[in-house]
1. Could you identify the single residue in A:Gly109, A:Gly156 that is more than 14 Å from every other protein chain (Cβ to nearest Cβ) and crowded, with 24+ Cβ neighbours inside 10 Å?
2. Among residues belonging to the stretch A:175-194 that are assigned to a loop (DSSP other than H, G, I, E, B) and in contact with a strand residue (DSSP E or B) (Cβ under 6 Å, 6 or more places away or on another chain), point out the one that is farthest from A:Met316 (Cα to Cα).
3. Are any residues in the stretch B:122-145 of a type outside the set (S, T, N, Q), outside any strand (DSSP E or B) and more than 14 Å from chain A (Cβ to nearest Cβ), and if so, which ones?
4. Considering only residues that are away from chain A (no Cβ under 13 Å) and touching a helix residue (DSSP H, G or I) at 6+ places or on another chain (Cβ under 6 Å), which ones fall in the stretch B:7-37?
5. Take A:Glu654 and decide whether it is out of contact with any Leu (no Cβ under 7 Å at 6 or more places or on another chain) and over 23 Å from A:Thr430 (Cα atoms).
6. Do you know which of the residues in the stretch B:47-68 that are among the aliphatic types (A, V, I, L, M) and within 14 Å of chain A (Cβ to nearest Cβ) is farthest from the chain's Cα centre (by Cα)?
7. Tell me, which residue of the stretch B:70-93 that is away from chain A (no Cβ under 14 Å) and of a type in the set (Val, Ile, Thr) is farthest from B:Val43 (Cα to Cα)?
8. In this structure, does B:Ala96 turn out to be more than 24 Å from B:Ala129 (Cβ to Cβ) and away from chain A (no Cβ under 14 Å)?
Amino acid sequence: MSAPAGSTAETALEYGLQAEEYDLIMRRLNREPNPLELGLFSVMWSEHCSYKSSRRHLAKFPTAGPRVIQGPGENAGVVDIGDGQAVVFKMESHNHPSFIEPYQGAATGVGGIMRDVFTMGARPIALLNALRFGDPKHPRTRRLVAGVVAGIGGYGNCVGVPTLGGETNFHSGYDGNILVNAMCVGLADAEKIFYSAAPAAGLPVVYFGSKTGRDGIHGATMASAEFDEDSEEKRPTVQVGDPFAEKLLIEATLELMASGAVAAIQDMGAAGLTSSCVEMAGKGDVGIDLDLDRVPQREEGMTAYEMMLSESQERMLAILKPGREADGRRIFAKWGLDAATIGRTTDTGRIVLRHHGAVVCDLPLGPLTADAPLYDRPWVEPPSEAPLDPAGVSPPADWEAAILKLIACPDLSSKRWIWEQYDRHVMADTLADSASGADAGVVRVDGGRKALALTSDCTPRYVAADPFEGGKQAVAEAWRNLTAVGGDPIAVTDNLNFGNPERPQIMGQIVRAIEGMAQACRALDFPVVSGNVSLYNETGGAAIPPTPTVGAVGLIPDHARRAGFASLEAGDTLLLVGESRGEMGSSLYLREILGREEGAPPPVDLAAERRNGDFVRGLIRSGAVRTVHDLSDGGLAIAAAEMALASTIGLTLETAGGLAPHLFLFGEDQGRYLIASAEPSGIIEGAVRAGVTIASVGRAGGDAFEAPSLFSVPLERLRQAHEGWMPAYMAGA
Amino acid sequence: MKAAVVVFPGSNCDRDCQRAIETSTGARVERVWHQETALPAGVDLIVLPGGFAHGDYLRAGAMAALSPVMAEVRAAAARGVAVAGVCNGFQILCEAGMLPGALLRNAGLKYVCKPVDLDVSNLQTRFTAAFKDRRRATMTVGNGEGNYFADEETLDRLEGEGRVVFRYAGNPNGSARDIAGIVDASGNVLGIMPHPDRAFEPELGSADGALLFQSVMASA
C-alpha cells in the first residue's frame, strides 16, 4: 500500500474519515494535509484511537478510589495492593482481526494486551480471555474456535504467562463478528510505575524490538469499520505475531526500566509508530522530531506512510534520560533486539518527520490528540423486553433430559477442550485456574500468602434484553465471582463491544449499558481503571448482541482463606444465600429447553448483592466456609450440578418452598451463592443476624445428582454430558 | 549447596526453577545467561528450564543445544555434576546428544496442559532417592512437543538399564512406552517432561517435585 498522489476529501473517505472531519482538518491546519499527514489524522481520529463516540459516556464511570494509582487514560490501570506492590491490568479486544485470520488475530491480541501491561513497568503474571463465537452450526464457527484458541495458546504459552480463565459463549448473533477479548494482569512495584508522557524537550527517542514491515497498515481504521462481503480482502491489515520476540521484549524492557534509563515509554500498538510518538509528545506537551531513515525496517523501499502506519508487532518506543543511550544499547544487544535512536523530543509542540533528508510531515500535535473530534451521537432509548409471566413458563416434560441438555449446552458445557491448550501453571503461582472448580482464577503474589483473584464476565443475552440491567449485571457478576473465592473486589477493566454507534439504537445500547455498569460500580465501590471500546461489530447491517465485558481483580490477603466449589464433602449441608423469586426472563432454561429468547433479565438489587457478598466473603475469611459457588446461568440446578461434578460427589436438592420446582431450580435471580458446610446452624444464625436470606437446600452424598420425585442423574452420566459436547463438536460431530 | 539455572533467550521457567529449588532445598541458585562460557564454581546441580528457547524455531531445543554454555554443561556432567532438563530443557538435552531419542509433536497435535500421575519407575537414581517408597507422583505437563521417541533398541536398552525414571500413568502426548523422564548412562543427566518446578508446595496442587530437587541435593 502506498500513499496516493493527491490529497482529496475522497482519499480521506477511503481512510475512514468523514467529509466533515476532513473539513475540520483543513480548518485546523489552514491548508490541505499531504497524504502522509492525512494518514496520521485518519488513524489518530479513528474510533479505536480517539474514542470519539464513547468518550463522553465513559466519563460516567467511577474511576477513583483509595487504592487507585492510575485510572483510565494510560496503557493500563494501576491499583495498590499493599506492601509496596501494585496490580496493573487491562482488557482489550481483537475482534475484527480474529474474524479475518483467527490464529494471528487472537495471538496478536494477547501480545498487544501484554505490551500495555509491561509498558507500565509490570511483569505480566496472568492472562484471561472472553470469547464469543457464532452458532455452533454456522459453517465458519468450528474453524474460528480452533484458530482463536490455538492463537491464544500459541502466544501466551510461548511468552510464559499463565492463561488462568475466561468465558466462551456461542450465539448466532456473533456469526458475522466474533469477539476476542484478552485481559492481562501484571505485578509492579507501586513506586516504579512508568508512564508515556515525554517529560522534557531534547531527549533521545529510542525505537526497540522487531523491525517495521508492511503488515497491519490501517489496522486501527479497519477496527473502526463495519464488515461487508469484501472483508476477506482485509487480510493484509491483520498483523503477524512473534511471541518469542515478545518474550525478549518483556525482559529487555523490564531490564531497561530497572537500569534507571527510562524517562517515558510507550508500546507501538494500534496505529503503530504514529500513535506512540504522537501520544508521548502530546501528553508531555512537547514536540517530537523523527528521522524515519533510522527506523529499523524489515524490507527495502518502505515509504514514510508505510512506516508510520505499520502495525508490525513487538515494538516499543522509549524516551531515555540524558546520557543513558549506552545502557539501552547494552541491554538491546544482550537480548538480540533491533534498536535505534530515531529522533528527539523538541519544544515546538509539533510532530516533524524527515525521510530521505526532506521534511515529509509537519503538524501541530494538538489537532491530532486533544482536539480530536468528540461526538455526542444521537441515541434513542433502546427497546427492552417486558417482564416474563412465570405462569407462562412450563416445567420440563422430562426433568432428567432437561438437566442433561442444559449441562451439555454450548454455553454451559465443559471448555476443557479449550483450556487444556493453555499453559495455566507457568510462573508457579497458580492456585486456581479453569480446571479447578472456582468462580475466579487465583494467583499467588510472588510466592507469598497474598493472592489475586481474577475474572471476566458478561451475559450478553441480558444486555440485549435490557442494556441498563444487563450492564449492571455484568459488573455484579464479576464482583460475585471474586467474592466467591474470598477476594475483596478492588477494580474493573471494561471491554465494550457493540455495533455501529452511528445508528441511534446501537448508541442507545452503549449509553444505557455504560450507565448500568456505572451504577453497579458505584454501589459496589468497584472503580473502572482501564478499558477498551470496540464498535462497528456489524456485518451486512446486523450488529452483535451488546457485549460489555467486565474484567475484574480482587485481593485475597491470605490464600489459605479462600474458597472454590470442588471441596464438597459427604454429609455437607447445602445452603442457598440470597432471595429466589424464580426469575426466568432471558434465562438459559427458557432458551435451551423451551426455545424462547425473551423476557426482562433478572434485576440486580445492588444493596442485596453487596450484603450477601460481604456475608459470604466474611464466612470464607473466618475459615467457616471453603466451598462456595455463585449462581448464574442455569440457576441453582446448574450451580449444584457443577459443584457435584467438580467435587466428584453426589448431592440431593430439596425443592420444598413457595416456588414451583422449575422456577426455583432454573431461575436466574441475582446476588445468590451456594455454600456448603458440615456445621450449618451457626452460619444460618449469622445470616439471620446480618439480614441475609438463607435456606438449607440439600445435602451432599451418594453418587447421583438428584431432587426427590423430580430427577436422579448418575454423576457419571452428568459428567459425560458436560464433558462430551465440545470435543465431539470440534471433531466435526 | 548451590545450583545454576541456565537462561536461554525464550526460557520461561527459569524463575520457577530458581524458586522451586530454593524453597524445597534451601540451596543458593544462580541464573546463568546462555552466552556464558563458565559456570559458577562449586555447583551441585545445573537445570535447563522449560520454555521456548529461541522460540522453538527450527526445532525445539535445536539452537539452544549450540549455545556457548552447553560445552560447560557437558563438561560438568562428565565431572559428576547433576544436570536436569525440564520440558524444553529435556528437548535441549536430546538435541545436544546428552540424552538419547527425541521429543516429537504430541500425538493429539495440540499443546496439552494438565496434571498427570507419574510412576516413579526407578527409585535408585540420584534424582529419585527422596521419593523412598513412593511409587506415584503428580506433576503437570505443559507442552506441544512432549512425545518421547527413540528406536526400539534404544528403548529396550533404557528399560533394561533402569534408565526410565518416570512413566506416565495416563499418557498425555503419545510418548513411547509412556516415558516421561530418563537418565543418561552415567546417571548424572535427567530429562523430564512434566514440571517438578510447578509442584513444590501443596497449594500448587502437588509438592512431589520438591522430592526430585531434594534427592539431587542430597546426592551432591
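1. Answer to the check: A:Gly109.
2. The residue in question is A:Gly176.
3. Answer for the stretch B:122-145, where residues must be of a type outside the set (S, T, N, Q), outside any strand (DSSP E or B) and more than 14 Å from chain A (Cβ to nearest Cβ): B:Leu123, B:Arg126, B:Phe127, B:Ala129, B:Ala130, B:Phe131, B:Lys132, B:Asp133, B:Arg134, B:Arg135.
4. B:Thr25, B:Ala27, B:Val29
5. It is true that A:Glu654 is out of contact with any Leu (no Cβ under 7 Å at 6 or more places or on another chain) and over 23 Å from A:Thr430 (Cα atoms).
6. B:Leu58
7. Applying the filter and picking the extreme gives B:Ile92.
8. yes
The values are calculated or read from the model by the stated rules, or taken from the named source; none is laboratory data. Model, not experiment: these values are computed from the prediction. Because the Cβ atoms are built from the backbone with ideal geometry, glycine has one as well, and the counts that use them run over all protein chains shown.
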